[in-house]
Amino acid sequence: MADELLSAPHVLEYDYRRSLGEVLSRFFTGLRDRKILGVKTNAGRVLVPPSEYDPESGDATSDDWVEVGPGGVVKSWAWVNEPLGRHLLDHPFAFALIQLDGADTALTHAVDAGSEASMRTGMRVTARFADDTIGAIGDIVAFVPEEGS
Amino acid sequence: MSDKEPVKSIITPTRTEYTYTPGPSAQRSLRALARGKLVGEICPSCNQVYYPPSGACARCGVATRDEVEVADKGTVTTYAIVRVPSENIDLELPYCTAHILLDGADIPFFGLIQECEWDAVRIGMRVEAVWKPESEWGLNAENIRYFRPTGEPDVPFEQFKEHL
Ligand SMILES: [Zn+2]
C-alpha cells in the first residue's frame with residue numbers, strides 16, 4: 001500500500017516596523033487625532049495621502065498642511081466578497097479610491113456599503129473612525145455612504 | 001493638537017498561509033527521518049549526493065532516484081550567531097545556525113549548534129547530531145535537536161571548498 005501523502009501547514013509571516021519620516025508621521029499623528037491631513041505642493045495641489053515629493057514636478061512638497069474630509073467621493077472601487085484575515089472588515093466590502101473633500105488625489109481605503117449594489121463610482125462617503133485610535137490606517141475603520149446622498 | 005508624542009512608525013504585517021506538500025523524494029526522506037535515518041539521493045550523472053533530496057540534481061538537471069544514507073555527523077561550512085529575536089522562533093538568544101556538510105553528502109544541511117561557546121564555533125569544525133528521544137520522533141526536521149562539537153580535528157577548508 002502506498003504511503004499517505006504528507007502535507008503540513010506552513011505560515012510565512014513578517015511584521016515590519018516601518019519608520020514613517022516627517023511627512024507620514026504627521027499624517028498618522030493626525031489620524032490618531034481623528035483628522036485627515038493633506039500636504040500642499042508648490043503648485044497648490046493637496047496630496048492625500050501626503051508624500052515628501054510632488055509626483056508631477058519631483059519637487060519637495062511644502063510645509064503647508066490642510067485638514068480634508070471626512071467626506072469624499074468614490075473615484076473607483078472593487079468589491080471584495082470574501083475578506084481575508086488581515087482585511088480591515090470581516091464582511092464583504094469595497095476597496096475604493098476616495099478623493100476627500102479638499103484633496104486633489106485619492107486615498108485607498110475600504111467602503112462598508114453593505115452590498116455591491118450599493119456601490120457606485122461618484123458616490124459620497126464619509127470616514128468612520130475607530131473608538132480607540134493609535135496612529136495607523138485602521139484608525140479609519142472604513143468609509144460609509146454619506147447620509148442623505 | 002495632541003500633546004502625545006508624534007507617531008513615528010507603523011507595523012505593516014504580511015502573512016501567507018500555505019499547505020506544504022513535499023514531493024516524493026522529500027516524503028521518502030521525511031519517513032526515513034522519522035526512523036532516525038538521514039536518507040539523501042544521488043545524481044546518476046555526476047554522483048553528487050543531495051541531503052535533503054529534492055528529486056533532481058541542480059547541477060545536471062536530471063532526476064535523482066537512488067537513495068543514499070548519509071551520516072548524522074559532519075563539518076561546519078559556514079555559520080551565524082543570531083542575536084536578533086524573531087517572534088515565531090522559540091530559541092534563547094544568542095543561538096548559532098550553521099551549514100553542515102554531513103559525511104557522505106555533497107551539499108550542506110541546515111542545523112543549530114549548541115554545547116559550544118559562541119566564539120569557539122568555526123568553519124571546518126566537526127559536529128554531530130543530538131537527537132530527541134526516539135519516542136518523540138516525528139515526520140519533521142526537529143527530530144535532530146541540534147549539533148554539538150565532536151572534538152575531532154578540524155577539516156581543512158581545501159577539503160570542502162567545492163561543497164559550500
Ligand atoms: Zn548531477
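From largest to smallest, the equivalent ellipsoid semi-axes obtained for region A:65-149 from the alpha-carbon gyration tensor read 19, 17, 11 Å. Sorted fewest first by neighbouring Cβ atoms within 10 angstrom, B:Leu93, B:Leu30, A:Leu31, A:Leu88 come out as B:Leu93, A:Leu88, B:Leu30, A:Leu31. In terms of surrounding Cβ atoms within a 10 Å radius of their Cβ, B:Arg126, B:Arg83 rank from fewest to most as B:Arg83, B:Arg126. The mean sequence separation of alpha-carbon pairs under 8 Å and at least six residues apart, normalised by the residue count of region B:72-164, gives a relative contact order of 29 percent. The lysines whose alpha-carbon is closer than 21 Å to the alpha-carbon of B:Lys161, local same-chain residues fewer than 8 away aside, are B:Lys73. Counting neighbouring Cβ atoms within 10 Å and putting the fewest first, the residues B:Glu134, A:Glu52 line up as B:Glu134, A:Glu52. In plain terms, the chain from A:Ala78 to A:Thr121 could stretch by 14.5 nm, reckoned as 0.36 nm per residue minus the Cα-Cα distance.
Shown here are the Rg and Dmax of the Cα trace of the protein assembly as shown, at 28.3, 83 Å. Averaging 1/r over every pair of different alpha carbons in chain A and inverting the result gives a Kirkwood radius of 17.1 Å. By definition, a body whose alpha carbon gyration tensor gives a ≥ b ≥ c is prolate when a/c is 1.5 or more and a/b is larger than b/c, and region A:1-70 fits this prolate description. Relative to the Cα centre, the charge distribution of the protein assembly as shown, modelled as +1 at Lys and Arg Cβ and -1 at Asp and Glu Cβ, gives a dipole magnitude of about 320 debye.
The overall shape of region B:21-70, judged from the alpha-carbon gyration tensor, is oblate: a/c is not under 1.5, and a/b is no greater than b/c. B:Lys4: which lysines have alpha carbons under 22 Å from its alpha carbon, excluding same-chain residues fewer than 8 sequence positions away? Within reach: A:Lys35. Taking amide H atoms as placed 1.01 Å from N in the peptide plane, the amide H of B:Cys96 lies under 5 Å from those of B:Val82, B:Ile113, each 5 or more residues away in sequence or on another chain. Pairs of Cα atoms nearer than 8 Å and 6+ residues apart set the relative contact order; for chain A it is 21 percent. Put simply, chain B fits an ellipsoid with semi-axes of 33, 22, 17 Å; these come from the alpha carbon gyration tensor as the roots of five times its eigenvalues, largest first. Take every Cα pair under 8 Å whose residues are at least 6 apart in sequence, average their separation, divide by the length of chain B, and the relative contact order is 19 percent.
Compactness check for region B:72-164: Cα Rg over 2.2 N^0.38 Å is 1.09.
Bear in mind that the values in this text are calculations on the coordinates, not laboratory data. This one's a predicted model, so the numbers in the text were calculated from it and none came from an experiment. Note: ideal-geometry Cβ built from the backbone for every residue, glycine included; neighbour counts use all protein chains shown.
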